[in-house]
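The values are calculated or read from the model by the stated rules, or taken from the named source; none is laboratory data. Note that the coordinates shown come from a computational prediction; the quantities given were computed from them, not determined experimentally. With ideal geometry, Cβ positions are generated from the backbone for all residues, glycine too; neighbour counts draw on all protein chains shown. Note: accessible area is taken over every heavy atom of the protein model, side chains too, but ligands, DNA and RNA are not part of it. Shrake-Rupley method; radii C 1.70, N 1.55, O 1.52, S 1.80 Å.
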Amino acid sequence: MDGFIDLHCHVLPGLDDGAQTMEESLTMLRQAEKAGFSGLIMTPHHHIRRGMASPEQIKAALAAMQEHIDAEGLSLRLYPGNELYYAHNSVEKLSRGEVLTLAGSSYVLTEFSFGATFQEIRQGLLELSQAGYYPVLAHIERYECMTDAPQLCGELYDMGVYIQVNAGSFLGDAGRKPKKLVSMLLKEDLIHFVGTDAHDTKKRSPEIERCVKYIKKKAGEETVERLLRKNAQAVLENRVI
Ligand SMILES: [Fe+2]
């Protein structure tokens, strides 16, 4: 059986606030393989302050990295993507090919300011889906409007928004409120994807073992499979989930 697929990580060196050097990236990829991943979608920020690398730069960095890990014998496949910080011109940028969807699919990993209102988030995601994209809301548990009113997550889910949570949030890495929210989302079966959102080799590494244990215990093996492999596989094949 194939391994896990991560659709949210900041591994490519020097493109955003994630890995800064080739060596750091390689260490993260070795960690990812050891943790059980077989595929990773590289999602550098497309964000005015955190990074705005062009698709060409991202693809070139990815090709160089794939070459390195192939030479080293790691069995990991890398795919291009972005974590898009939503702005009024996001659809325009996507349609002009200035921002990358996940692995060339119609899925778009999208983030907002942690303090954004529910209306702002809802409207942004709606705009993306009306333009024909499948919006994936990055780390839903990090937004204050969601932790303050968890029932709103269900509203987004019903709208057809895909829900991604960060692996570390299950264990409390993002604080008490996000932990409580992801536990509720898991119970209600409102999660589509678990991503690492890895930025480095230590504090925000591609570690997944503790999270897998947690999900297995609370929701069973089948859920682990679905949230860490099957649904992401559908993204790679551009199938609707
Ligand atoms: Fe991220």
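A few points about this structure:
- Burial order of peptide ranges 75-84, 113-122 (average beta-carbon count within 10 Å, highest first): 75-84, 113-122
- Placing +1 on each Lys and Arg Cβ and -1 on each Asp and Glu Cβ, with no other charges, gives the stretch 4-236 a dipole about its Cα centre of roughly 620 debye.
- Taking the inverse of the mean 1/r over every pair of distinct Cα atoms in the stretch 4-236 gives a Kirkwood hydrodynamic radius of 17.5 Å.
- Ranking Thr223, Phe193, Phe114 by how far each Cα lies toward the positive end of the dipole of the chain (charges on Cβ) leaves Thr223 at the top.
- Its DSSP H runs of at least 4 residues, each contributing -39,500 (n - 2.57), put the calculated 222 nm mean residue ellipticity of the chain at -12000 deg cm²/dmol, to the nearest 500.
- Alpha-carbon Rg with Dmax, taken over the stretch 82-145, Å: 11.0, 32
- Sorting 36-47, 230-241, 187-198, 204-215 by average packing, meaning the other beta carbons within 10 Å per residue, from highest down gives 36-47, 187-198, 204-215, 230-241.
- Positive dipole terminus of the stretch 4-236, leading residue within Ser38, Val235, Tyr134 (C-beta point charges): Ser38
- Note on the chain: with neighbouring protein chains present and a 1.4 Å probe, carbon and sulfur make up 49 percent of its accessible heavy-atom surface.
- Compactness of the stretch 1-132 was expressed as the Cα radius of gyration divided by 2.2 N^0.38 Å, which yields 1.09.
- Mean Cβ neighbour count within 10 Å, used as a protection proxy, ranking 220-229, 64-73 highest first: 220-229, 64-73
- Entries in Lys177/Lys216; Lys179/Lys218; Lys93/Lys203; Lys34/Lys202; Lys34/Lys177 that, when Cα-Cα distance is taken, lie over 24 Å: Lys93/Lys203; Lys34/Lys177
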